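Below is one structure. I have some questions about it.
No lab work stands behind these numbers, since they all come straight from the coordinates. Everything numeric here is computed off the predicted structure, so don't read it as measured data. Please note: Cβ atoms are built from the backbone with ideal geometry, for glycine as well, and neighbour counts cover all protein chains shown.
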Amino acid sequence: MADFGIKEALATLGLQEINEGTSIGSVNFSNGEIIESYSPVDGKLIGKVKASTKEDYEKVMDAATSAFKTWRTMPAPQRGEIVRQFGNKLRELKEPLGKLVSYEMGKSYQEGLGEVQEMIDICDFAVGLSRQLNGQVIPSERPEHVMREQWHPIGVVGIISAFNFPVAVWAWNTALAWICGNVCVWKGSEKAPLCSVACQNIIAEVLKDNNLPEGISCIVNGDYKVGEYLTEDTRIPLVSATGSTRMGRIVGAKVAERFGKSLLELGGNNAIIITPTADLKVVVPGAVFGAVGTCGQRCTSTRRLIIHESVYDKVRDAIVGAYGQIKIGNPLDENNHVGPLIDKDSVNTYLAAIEKAKAEGGNVLVEGGVLEGEGYESGCYVKPAIIEAENHFEIVQHETFAPILYLMKYSGEVENAIELQNGVAQGLSSSIMTSEMKEAEKFLSFAGSDCGIANVNIGTSGAEIGGAFGGEKETGGGRESGSDAWKVYMRRQTNTVNYSDELPLAQGIKFDL
Ligand code: NAD
């Protein structure tokens, strides 16, 4: 099989056969077990990463807490300059890093490049923001007093990330956290450990070139047990965790127990409402990319289509027809639309979900199944499936991280569709396809979609830097990557300054001595 330039990409990113999974800037070490990273693309071993032990973690925390004391004294725009240099390094390395993402995680090369582009975009956003970490001046009721609000760096930010965006989610967090004056300790996914080593190699060079303390960027590697070092550590005031709702429930509780803050970005169960006036030219690519892109492994993947009964047959036939055109195969080959699932466990979850949907009364329109034979040796390639189902089915209420699309009908007014759309425990992304202004506005109103993301005439999938990203309910409530999301990475302080010769108390309280 063609190599697609993988060996060269790994070498350019400074990856070795065995890599140290603990790193303080460019100082790499690790004493834990070996994690082997196999590609879901061809089943081959890509490389090994040594996991972090508790002792390794302690060294990281010593370096991070000490680096924070220096980094926070640097003016924010100068911190922005470091992030600008990091963004430029990413521009240089976009292709090899995009390739590694595609090969280690299994998403298409185009999506791998897109993920690196998101890193570059968040760096640009952060650079501008580094001159805008503004507080407010608040009118005081007391004469010759001034009240104001300041935003200070929070400290060491812990980042725990999922396998499906193995590089961008780190950058979303870290670029903002850095300009805010924080240092970061990142535990990437144990399913894509080489991506975290590659990213660390890139930032380490920038820190070194600028003679900055290496502890500004640290990584640890390993499974949830290493994640627990972060969630239990009172030296980490903010843990940003991206992953399943199951993980978020545990992490959120652990961090709250010690009065830490958590930023949770968890699972979705995203729907597109297709109304009678929807434009099929937009619906079909929007729904199909949303459902099968990244092999259904995006938190914003489209899981449900809620279609008005008057256009149901037409829409169903168009979507089923489009599924016939999908090419499944090596994601590095740009002729393919859909690559593999991350691993065989995921394949089993996908198969079980299809069986469950059938058992609950679902009607399979496009059969799923595992692909075998040449090019599919990893055992992780599956066929995107379409099933007619009802919203209340237990399986439909859950996020299955795989390309299974549920179709359902609504009748009457758009409010009925919105009720179905909101009738799940998750609240990440949603969209409506309509040419009716009133329907669109209802969907976006307080009585409309209950999700963190609500779109009109585009699909549910994907995000653009600049808008706050995240969702409600079991999606965890966190927001990152845009708008005023930076505030979560800082601590707010209210100051009152008296420049008079008196000491008047607020609310006119008298206290005469
Ligand atoms: P996962 O929950 O299995 O793991 C995510 C990360 O959490 C990993 O690094 C893992 O090691 C760590 N972890 C797990 N349990 C932990 C614990 N008890 N303490 C500390 N760390 C722990 O998720 P995954 O399979 O890697 O990713 C898929 C999930 O992530 C999906 O549910 C998807 O919707 C979600 N996701 C959400 C967003 C978002 O922004 N909302 C983005 C990407 C992925």
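What's the longest uninterrupted piece of the chain once you rule out the chymotrypsin sites (Phe, Trp or Tyr not before Pro) that are loop residues per DSSP with at most 12 other Cβ within 10 Å?
In the chain, the maximal stretch lacking such sites is 1-258.
Which trypsin sites (Lys or Arg not before Pro) in the range 305-396 pass both tests, a DSSP loop state and at most 12 other beta-carbon atoms within 10 Å?
Passing both the DSSP loop test and the Cβ count: 327.
In addition: Let a ≥ b ≥ c be the square roots of the eigenvalues of the Cα gyration tensor of the chain; is it rounded (a/c under 1.5), or, if not, prolate (a/b larger than b/c) or oblate?
Oblate, since a/c reaches 1.5 and b/c is not below a/b.
Sticking with this one: If each residue of separation counts as 0.36 nm, what is the full-extension length gain between residue 437 and residue 371 once their alpha-carbon separation is subtracted?
Here the segment from residue 437 to residue 371 would lengthen by 19.4 nm.
Of the options 45, 113, 82, report the single residue whose Cα projects farthest towards the positive end of the charge dipole of the range 14-134 (beta-carbon charges: Lys, Arg +1; Asp, Glu -1).
Among 45, 113, 82, the one farthest towards the positive end of the dipole of the range 14-134 is 82.
Below 17 Å Cα-Cα, how many Lys pairs turn up in the range 270-456? Only count pairs eight or more apart in sequence, or on different chains, if you could.
6
Can you list residues from other chains, or at least 5 along the same chain, whose modelled amide H is less than 5 Å from the amide H of residue 307?
274, 408, 409, 410
For the range 456-513, which trypsin sites (Lys or Arg not before Pro) are both in a DSSP coil and crowded by at most 16 other Cβ atoms within 10 Å?
Filter output for the range 456-513: 510.
Follow-up question, since we're still on this one. Classify the range 270-456 as rounded, prolate or oblate from the Cα gyration tensor: take a ≥ b ≥ c as the square roots of its eigenvalues, call it rounded if a/c is under 1.5, otherwise prolate when a/b beats b/c and oblate if not.
prolate
Once fully extended, how much extra length lies between residue 333 and residue 205, figured as 0.36 nm per residue of separation less the alpha-carbon to alpha-carbon distance?
Gain on extension, residue 333 to residue 205, equals 43.0 nm.
Can you pull out the GluC sites (Glu not before Pro) in the range 458-513 that DSSP calls coil and that have at most 14 other Cβ atoms within 10 Å?
Passing both the DSSP loop test and the Cβ count: 464, 502.
Going 7 Å from the Cα of residue 506 along its beta-carbon direction, which residues of the range 122-155 have the amide nitrogen within less than 19 Å of the resulting point?
So the set is 135-152.
Let me ask something else about it. Dipole magnitude of the chain about its Cα centre, charges +1 at Lys/Arg Cβ and -1 at Asp/Glu Cβ only, in debye to the nearest 20?
800
Still on this structure, I have one more. I'd like the orientation of helix 168-179 relative to the chain: the angle between its Cα long axis and the longest Cα principal axis, in ° from 0 to 90, rounded to 10.
The answer is roughly 10 degrees.
Ok, one more. At 0.36 nm per residue, and after removing the present C-alpha to C-alpha distance, how many nm does the segment from residue 309 to residue 70 gain when stretched out fully?
79.8 nm
So, one more: Count charges around residue 143 for me, please; just the other residues with Cβ under 12 Å from its Cβ, Lys/Arg as +1, Asp/Glu as -1.
Taking every Cβ under 12 Å from that of residue 143, the sum is -3.
Once you charge only the Cβ atoms, +1 for Lys and Arg and -1 for Asp and Glu, what is the size of the charge dipole of the range 270-456 about its Cα centre, to the nearest 20 debye?
With only Lys, Arg, Asp and Glu charged at Cβ, the dipole is about 160 debye.
Going toward the positive end of the dipole of the range 270-456, with +1 on Lys and Arg Cβ and -1 on Asp and Glu Cβ, which of 437, 320, 424 do you reach last?
437
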